[in-house]
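J.: Have a look at this one before I ask anything.
The values are calculated or read from the model by the stated rules, or taken from the named source; none is laboratory data. The structure displayed is predicted, hence computed values, not measured ones. Methodologically, a virtual Cβ is constructed for each residue, glycine included, from the backbone with ideal geometry; neighbour enumeration extends over all protein chains shown. Ligands, DNA and RNA are stripped out before the accessible areas are found, and what is left, the full protein with its side chains, is counted by its heavy atoms. Shrake-Rupley method; radii C 1.70, N 1.55, O 1.52, S 1.80 Å.
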Amino acid sequence: HDCSLELADVKQHSGSSVNPDRQGGAHVHSFTVAPYGQHTREAYVCDLGQDKIFSYTVESDGKLLLSSTVDAAPGSGPRHLAQMPLSRKTDDGHQYVYAVTEMGETVNVYAQTDCGGAACLMERQSVSLVDEGQSGEGSKACEIVMAPDGNTLYATNRGLLNTVTVFGIERDGMLTQNQ
C-alpha cells in the first residue's frame, strides 16, 4: 500500500501593504478549504502581507482557480479564518466566514455570495478584540475557532492582553460578544 502525495498546484502571491516592517511582501498565513454550495470546494487564503483574502475554487484534479479577492483594512493583516458549518442556516440564506486580523486585532465577518458558481466574500461587520478604553499595543490577534454547531466563535489575542474573546453568532450571521 503506497501512501504518497503528489503536488497538484502552486500559486505564487506577490505584493505588499502599508506596514513595511510586517508587510514588505506577500505573507500567506493560512489556507483553509471550505465547502461552498453542493458540489464546490473553495479555499480561502489569508495573506497578512497584502491585507487580502483570496478565494480559490479547488478543481477535482487539485488545481486552484482564483475566483475573487477581498481587501481587509490597510495594516490589519488577515491571519486565520473559520467558516460557518453548512448545516447552520442564517436568516438571509448566506454562509458566513469569520477572519481574525493579527495586527488590526479584529474579527471580520464576511457573507459568502455567488460569483458565477464560486464564492465571493462581502464584508458585513468588523468587531474589535480590544476592549474600549484599552490599548492593543504589545498584543496580536492569532487564532479563531468555530464551535461545531456554528453558534459560538472564539478568537485569541496573544502578548500583553493574552485573551480569549467569545462571540455568539446571531441568526443573521453577525457577532455579539458574550460576557
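J.: Taking segment 127-176 only, how many residues are part of a loop (DSSP other than H, G, I, E, B) and either among the charged types (D, E, K, R) or crowded, with 17+ Cβ neighbours inside 10 Å (or both)? Before the answer, list the steps.
T.: Quick first cut of segment 127-176, residues part of a loop (DSSP other than H, G, I, E, B) only: 129-138, 147-151, 160-162, 170-174.
Now narrow it down to the ones that are either among the charged types (D, E, K, R) or crowded, with 17+ Cβ neighbours inside 10 Å (or both): 129-132, 136-137, 149-150, 161, 170-173.
Of the residues in that region, 13 qualify.
J.: Please enumerate the residues belonging to segment 2-34 that are more than 18 Å from GLY104 (Cα to Cα), open to solvent by 40 Å² or more (accessible area, probe 1.4 Å), touching a residue at least 12 places away in the same chain (Cβ under 8 Å) and hydroxyl-bearing (Ser, Thr, Tyr).
T.: Across segment 2-34, the qualifying residue is only SER14.
J.: Looking at (1) part of a strand (DSSP E or B); (2) farther than 27 Å from SER128 by Cα; (3) among the aliphatic types (A, V, I, L, M), which is the only condition LEU5 fails?
T.: All conditions pass for LEU5, except number (1).
J.: Filter segment 67-100 down to residues that are of a type in the set (A, V, I, L, M) and closer than 23 Å to GLY24 by Cα and give me whichever is surrounded by the fewest Cβ atoms within 10 Å (Cβ to Cβ).
T.: First pass over segment 67-100, keeping only residues of a type in the set (A, V, I, L, M): 70, 72-73, 81-82, 84, 86, 97, 99-100.
Okay, now just the ones that are also closer than 23 Å to GLY24 by Cα, so 70, 72-73, 81, 99-100.
Values: VAL70: 19, ALA72: 26, ALA73: 17, LEU81: 23, ALA99: 28, VAL100: 32.
Step by step, filter segment 67-100, then rank; the result is ALA73.
J.: Still on this structure, I have one more. Please work out which residue is nearest to PRO35 (Cα to Cα), limiting yourself to segment 114-126 and to residues that are open to solvent by less than 60 Å² (accessible area, probe 1.4 Å) and within 15 Å of the chain's Cα centre (by Cα).
T.: ALA119
J.: Can I ask one more? For segment 152-167, which residues satisfy the criterion of being within 22 Å of LYS89 (Cβ to Cβ) and touching a residue at least 24 places away in the same chain (Cβ under 8 Å)?
T.: Scanning segment 152-167 gives THR152, LEU153, PHE167.
J.: Being at positive phi and modelled with pLDDT of 95 or more is the filter here; which residues of segment 52-83 pass it?
T.: GLY75, GLY77
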